[in-house]
Structures are given as C-alpha cells and as structure tokens.
2 protein chains.
Amino acid sequence: MTEADVQAVDTANRAYYEAVERGAFEELTTLWLAPEDAEYAEDADPDEAEDTSVSCVHPGWPVLTGRGEVLRSYALIMANTEYIQFFLTDVHISVVADTALVTCTENILSGGPAPKEGDELGPLVGQRVVATNVFRRTRDGWKIWSHHASPVLAESDDESDEMGNGDEDGSPA
Amino acid sequence: MTEADVQAVDTANRAYYEAVERGAFEELTTLWLAPEDAEYAEDADPDEAEDTSVSCVHPGWPVLTGRGEVLRSYALIMANTEYIQFFLTDVHISVVADTALVTCTENILSGGPAPKEGDELGPLVGQRVVATNVFRRTRDGWKIWSHHASPVLAESDDESDEMGNGDEDGSPA
C-alpha cells in the first residue's frame with residue numbers, strides 16, 4: 001500500500017464519523033458502497049455487481065445487511081441522538097489491493113433528546129466502542145463495505161489483564 | 001463471485017469455528033493470514049507484504065492487532081474454555097475479487113473448567129454473538145484477515161423493535 005492510499009482511507013474513515021456527528025444522512029448514503037460502484041473497482045467485473053452488499057453492526061445490535069436496512073438504521077439513530085461526538089484513537093489501517101481494513105477505538109460522547117421541554121439536552125453518556133471498518137476502492141473513492149462496532153465491556157485498561165480474564169463467551173472481566 | 005468461491009469461503013469460515021471448538025491451536029495458526037501469504041495473493045505485490053496485519057475483536061474486548069497478539073488471545077481462551085460449540089446461523093458471504101466478507105450469528109454454548117474437583121464441567125452458558133469475518137484469497141486458500149465478534153444485547157428478536165429502540169451508544173433495548 002502507498003502512503004497516499006493510507007491517507008485516502010483515513011480521510012474516508014473520518015468522513016464517516018463526521019457525517020454521523022453532523023447527522024448528515026444524505027452524505028452518509030454516498031459514503032456506503034452501492035451496487036453501481038462495483039463496476040468501477042479496478043479488479044471487479046460486471047458479474048460481481050451483486051456481491052457488494054454492505055453490512056453493519058451497531059454496538060449490541062444484530063447484523064444489518066444491504067443498503068436499505070443499513071441506511072434505515074442510521075436514520076433511526078440520528079432521530080434519537082441529539083448530540084454525538086467520536087474521538088478516534090488507535091486507528092490502524094491496512095490496505096491490500098482494493099480493500100482496506102480499518103480498526104479504531106471510538107471514544108463516544110453522546111446525548112439523546114431532552115427528556116422534558118426546556119432542557120437543552122438529555123444526559124451525556126461516554127462510551128468506549130471498538131470498530132472494524134472495511135472499505136472498497138471505487139472510481140469515486142473509498143466506500144464503506146462493512147462497519148462493525150461493539151462495546152468494550154472490560155473494566156480494566158490493562159490489556160494483559162483483560163486477556164487473562166477474557167473468554168470467547170463475552171465475559172472479559 | 002463464483003459459486004465455488006462462496007463454497008470455499010464458507011468452508012474456511014466453518015474451519016475457523018471448528019478449530020476453536022476443538023481447541024486446535026496449531027490448526028488455528030494456519031487459518032489466519034500470515035506475512036508470507038501476501039505474495040501469493042493474485043493482485044498483491046511484494047511491497048504489500050507489510051499490509052497483511054490481522055486484527056481480532058472478541059466479544060466485549062478491545063482490538064487485538066497482529067498475529068502475535070491475536071494468536072496469544074486464542075491460547076488464553078482455549079485454556080479457560082472446557083467446552084464451546086458454535087451453531088452458525090444467518091451466514092452471509094460476499095466475495096469481491098480476492099476479499100471475502102462473511103457475517104454470521106454465532107449461537108454459542110460454552111462452559112469453563114469445573115469449579116471444583118470431581119465436577120465434569122462448569123455451568124454451560126448460551127450466548128448470541130454476531131461476527132464479521134474478512135478473508136483474503138491466498139495460494140493456500142482463504143485466510144482470515146479480520147474477526148470481529150460482539151454480543152447481541154437486544155432483548156427482543158424483533159429487528160424492527162430493536163432498530164426503533166437502538167442508538168449508536170450501545171443501548172439497543
């Protein structure tokens with residue numbers, strides 16, 4: 001991968017979070033891979049147009065598949081979120097050919113609508129979420145193929161502790 | 001993508017879960033992408049060898065990056081898991097060129113070591129986890145590039161309900 005690739009993927013990744021922060025639904029729809037992007041990928045052929053179905057997992061949610069289901073979820077999230085900000089850390093980008101794999105920690109500060117009239121905002125909640133985002137290179141830039149975000153349930157920041165106590169059944173601490 | 005591609009990816013995906021079920025650590029190490037696999041990818045060149053770093057998120061865990069950290073986590077999980085079985089449902093496979101994206105629900109039944117001598121097994125725990133697994137095509141078959149698994153925290157099986165109640169901050173129900 002080139003430095004330019006990594007920069008471009010980093011920009012695409014940040015554009016995704018900024019669109020969610022601003023509640024920019026229309027913009028978000030352009031960031032996700034669409035069937036018409038398939039033919040523009042350098043190594044794709046028209047037969048592969050059907051293979052670009054996107055998937056998305058919000059923290060604690062089941063898998064959503066396809067643009068319709070995925071984009072509808074963002075409309076609902078935006079309707080129920082008055083304020084959300086992502087502070088990204090531990091961003092790691094790996095690019096192989098026309099696919100990019102991004103992992104990052106989403107340090108989230110969010111608040112819902114005010115519970116009663118007159119209040120400006122619901123209570124702010126801080127959360128540590130980790131994400132794996134997969135991007136595909138298209139003629140129109142890097143597009144999101146998959147987003148999987150999940151809550152970090154460990155109580156300790158000491159990774160070696162977490163690993164010692166963790167197990168596959170989801171009880172890390 | 002061809003039907004053969006989908007079949008091969010499905011086989012690679014199941015081989016991963018079966019290796020974890022059997023506690024087959026050595027086999028597991030061969031299923032994850034390694035630096036030497038990079039040059040065998042059809043569309044890769046030697047400069048990309050450094051880009052194949054794998055990543056892994058176990059349910060509730062932070063991101064683990066690189067073969068060393070990832071494989072060590074499985075050794076620890078296997079040491080702390082007496083019994084684990086995955087019943088995969090909702091398997092969805094999307095293949096574009098040399099990358100495959102798999103999403104599935106891991107219906108897990110697991111048990112730890114017996115709490116006291118004489119018991120055969122710790123209590124069995126059932127769990128619903130969703131996973132996004134990314135595979136790369138290599139000369140030696142499809143290898144795991146990324147595994148991200150997370151607990152489904154929603155109480156309802158009705159997806160439309162979950163979506164109505166869910167929000168990005170991880171409180172779906």
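I'm trying to understand the selection: among the residues of segment A:1-38, which are touching a strand residue (DSSP E or B) at 6+ places or on another chain (Cβ under 7 Å) and small (Gly, Ala, Ser)?
If the condition is that a residue be touching a strand residue (DSSP E or B) at 6+ places or on another chain (Cβ under 7 Å) and small (Gly, Ala, Ser), then A:Ala8, A:Ala12 are the ones that fit.
For segment A:103-114, indicate whether the set of residues that are assigned to a strand (DSSP E or B), open to solvent by 20 Å² or more (accessible area, probe 1.4 Å), more than 7 Å from chain B (Cβ to nearest Cβ) and modelled with pLDDT of 95 or more is non-empty.
Checked segment A:103-114: at least one residue is assigned to a strand (DSSP E or B), open to solvent by 20 Å² or more (accessible area, probe 1.4 Å), more than 7 Å from chain B (Cβ to nearest Cβ) and modelled with pLDDT of 95 or more.
Could you tell me whether segment A:56-64 includes any residue that is in a strand (DSSP E or B), buried (at least 22 other Cβ atoms within 10 Å of the Cβ) and touching a residue at least 60 places away in the same chain (Cβ under 8 Å)?
Within segment A:56-64, one or more residues are in a strand (DSSP E or B), buried (at least 22 other Cβ atoms within 10 Å of the Cβ) and touching a residue at least 60 places away in the same chain (Cβ under 8 Å).
Scan segment A:131-144 for residues that are open to solvent by less than 10 Å² (accessible area, probe 1.4 Å) and closer than 11 Å to A:Leu31 by Cβ and report the count.
Going through segment A:131-144 one residue at a time, the tally reaches 3.
So B:Gly122 fits all but one of (1) open to solvent by 10 Å² or more (accessible area, probe 1.4 Å); (2) in a loop (DSSP other than H, G, I, E, B); (3) small (Gly, Ala, Ser); what number is the exception?
(1)
In segment A:65-83, which residues are at the interface with another protein chain (Cβ under 7 Å from one of its Cβ atoms), outside any helix (DSSP H, G or I) and modelled with pLDDT of 95 or more?
Within segment A:65-83, A:Thr65 is the sole residue that qualifies.
So, in segment A:153-173, how many residues would count as being touching a helix residue (DSSP H, G or I) at 6+ places or on another chain (Cβ under 9 Å) and either modelled with pLDDT of 50 or more or of a type in the set (Gly, Ala, Ser) (or both)?
Of the residues in that region, 7 qualify.
Taking segment A:115-140 on its own, how many of its residues are in contact with a strand residue (DSSP E or B) (Cβ under 8 Å, 6 or more places away or on another chain), more than 7 Å from chain B (Cβ to nearest Cβ) and not aromatic (Phe, Trp, Tyr)?
9
The values are calculated or read from the model by the stated rules, or taken from the named source; none is laboratory data. Here the structure is a predicted model, which is why all the values come from computation and not from measurement. Counting neighbours? That spans all protein chains shown, and the Cβs are built from the backbone with ideal geometry, glycine included. All accessible areas refer to the heavy atoms of the entire protein, side chains included, with ligands and DNA or RNA removed. Shrake-Rupley method; radii C 1.70, N 1.55, O 1.52, S 1.80 Å.
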